[in-house]
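Below is one structure, written out as structure tokens; comments come after it.
The values are calculated or read from the model by the stated rules, or taken from the named source; none is laboratory data. As the structure is a computational prediction, the values presented were derived from the model and not from experiment. Using ideal geometry, Cβ is built from the backbone for each residue, glycine included, and neighbour counts are taken over all protein chains shown.
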Amino acid sequence: MIGEPRASLDWRRMGRLVKPGSIATAVFLAVAVGPPWFRALVTQTTQNHAMIRVLVEARMFYIAVLLILPLSIAGLAVAFALAVCGGKRGPWLARGLALCIALVLGLTVAEGVSAARLAAMRVPMPSLKNTFPDPPGESSVDVVVLGESSARGVPYHDWLSVGDILAWKLQEAFPLRRFPVTQLAKPGLKLDEVHLLLQELKRRPDLVILYAGHNEFQMRYDWGHGAYHYADLTPSTPVTVADYVGVRSRVCRLIGETVGLLLRAKPPTRTVARQVVDVPAYTAAEYAEILHGFRVHLETITDYCERLGAVVVLVIPPGNDADFEPNRSFLPPETPRAEREAFASAFASARRLESVQPDAAIAAYRELLARQPGFAEAHYRLARRLEADGFVVEANNHYIAARDLDGLPMRCPSDFQDAYRDVAARHPRAILIDGPAVLRELGPRREVGDSAFTDGFHPSLIGYTALAQAILQGLYSRQTFAWSKAAPPPVVGPSECAAHFGMDPDKWRQVCDYASWFYYHTSAIRFDSSKRLAKSTRYHEASQRIQTGVAPERVGVPGVGTGAVAQTRARPPVEQRIQPRLATRLQADAK
């Protein structure tokens, strides 16, 4: 069904899949209460799956108790009263009534505890200390890295990160000083959670690198979550008593939050096919609230670090715009079903034109975007065709639009990137690193693509090195740490970086294996998984070739190794392109 929403936790569907007394429940209970050696035999993914089933069953049972208990109390009370009036004691009725009343008290306590737990799960604004013990007499510069997996250096995090590269080159520039790195970046963090990590500071930071923004949406919702987006599919109220109870109960809400955490911890399921006309994971109100919170935390973190006397480096998170398709595309909420179906049909026709009549495909995509300018996939497909024809400026604009309109963002949208620019404008002492602009310089056509990335948002070694180089240049230009202008400007390249951190073939194989894993699992969250599956296979084959002794630079995969690999885009035959129009548009593009 085109555009039909799937709620974050579709309890009815889960209820059909989960059967009381299922084998999964028994396995989980055995794992939970069994000895450690037995738990070690069961993978974490299996444990999570079993736990989800147990929680779904527990929620179904809890709702049933909530619905039956009032009726049971009323029935037992009437029966007990009648028994007493009839001169009978009715001990079993009295015991049953007492048991029901005890259950009510227990459920009341459970609801209160769950409400407190839900409140505790909300990320508060942290209370941070302003005084630190004076460091010992050594001449050291404490470098603190804040952020998520990209700041941590994934998938190179076991060997290097932007912070590690920076400390290494600063040590070379200032041999009499030490540059210890405190790595507070962790995978999967949102900016509010990054803010909390400042509570772990043990020493006053001298240099803070903040690099976060990719997780603001994907870490709030499970992979299958869909907002009730279209007006003709949006329910006004819960449709059953059980639904109503499930929404109102704090215990059920806590179970839902826990199941959501477990679902986000496991790879996307491949059992549900997405549609080309989909629904976003967020509502417009949620998007605005998330953006507002992001701005508040970014401002507060920057202000706090500057008050401590630290130099703050704000890194705008770059994403793989050109070679990572949007996950979901959607139409305005008021779009009726018939229009959604007609648009999906027209989009499919435009795709079929790409291989046989590229110019006609471009015209078709332009027409589709004239009808629905917010459809991400049409922007992306048009950008691919424009780039193939050499119109790189216009293509990049459509790549960025496709990223920003993604209904399940895994790359930092422009609104969040602009928050960095606004904060930097209010904090002139901060050093702003425009990550997308830095990596765009690496592309042969000034696009941000696979040559600078390992996946959709984690840079390649070439990308991480370029970001570190930009930070070094910013510190050098500001004469930070009394950096003399007479000193040569700092320079770091991918080959030098790989040699320093020991990037041997085995490590490159691990990078390829990670990329293959990423593209395989994220293929399940798109309506068309073919490109990501093909890339997964490509990285897997690159890993195997490196194992046989082929140098990483020679496997021919962009982003693997330390050299640039020429990227080719599908280009239509010359006879299928209209040369006069092509020349005119090239001239306009050059201007």
Practice task
Identify, by number, the condition in (1) more than 30 Å from V511 (Cα to Cα); (2) among the polar types (S, T, N, Q); (3) touching a residue at least 12 places away in the same chain (Cβ under 8 Å) that Q218 doesn't meet.
Solution key: (1)
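How many residues are among the β-branched types (V, I, T) and without any contact (Cβ under 8 Å) to a residue 24 or more places away in the chain when one looks only at the stretch 461-497?
So the count comes out to 1.
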Problem - Criterion: within 22 Å of the chain's Cα centre (by Cα) and crowded, with 22+ Cβ neighbours inside 10 Å - qualifying residue of A437, A468, A452, A395 - result: A452
Exercise for the section: Output the number of the condition that M503 fails; it satisfies all remaining conditions of (1) of a type in the set (A, V, I, L, M); (2) modelled with pLDDT of 95 or more; (3) assigned to a helix (DSSP H, G or I). Expected result: (3)
Exercise for the section: Would you mind stating whether V208 is among the aliphatic types (A, V, I, L, M), closer than 15 Å to L314 by Cβ, assigned to a helix (DSSP H, G or I) and touching a residue at least 40 places away in the same chain (Cβ under 8 Å)? Expected result: no
Handout entry: Condition met for E286 (modelled with pLDDT under 95 and in the same structural domain as R385 (by TED's automatic domain parsing))
Key = no
Fill in the blank from the handout: Q372 vs (1) out of contact with any Pro (no Cβ under 8 Å at 6 or more places or on another chain); (2) surrounded by fewer than 21 Cβ atoms within 10 Å (Cβ to Cβ): all pass except (1)
Practice task
Enumerate the pairs (first residue in the stretch 384-410 and within 24 Å of I525 (Cβ to Cβ); second residue anywhere and polar (S, T, N, Q) and modelled with pLDDT of 95 or more) with beta-carbon separation below 7 Å, excluding pairs fewer than 6 apart on the same chain, so at least 6 apart or on different chains.
Solution key: I400/S414; D404/S414; D406/N327; G407/N327; G407/S329; L408/N327; M410/N327
Fill in the blank from the handout: Result of the Cβ filter at 7 Å on the stretch 358-373, keeping first residues that are in the same structural domain as A346 (by TED's automatic domain parsing) and partners that are among the hydrophobic types (A, V, I, L, M, F, W, C) and assigned to a loop (DSSP other than H, G, I, E, B), at least 6 apart or interchain, is D359/I578; L368/F375; L369/F375; Q372/L331
Practice task
For the stretch 318-332, indicate whether the set of residues that are in a helix (DSSP H, G or I) and of a type outside the set (S, T, N, Q) is non-empty.
Solution key: no
Fill in the blank from the handout: When D323 is run through (1) under 30 Å from T131 (Cβ atoms); (2) among the acidic types (D, E); (3) surrounded by 20 or more Cβ atoms within 10 Å (Cβ to Cβ), the failure sits at (1)
Practice task
Pick out the one residue from H540, H500 that is in contact (Cβ under 8 Å) with a residue 12 or more places away in the chain and more than 23 Å from V438 (Cβ to Cβ).
Solution key: H540
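Which of the residues spanning the stretch 425-461 are in a loop (DSSP other than H, G, I, E, B) and either touching a strand residue (DSSP E or B) at 6+ places or on another chain (Cβ under 6 Å) or not assigned by TED's automatic domain parsing to the domain that holds R307 (or both)? Don't jump to the end; show me each part of the working.
If we filter the stretch 425-461 for residues that are in a loop (DSSP other than H, G, I, E, B), which is where we start, we get 427-430, 434, 441-449, 454-458, 460.
A430, S460, listed by residue number.
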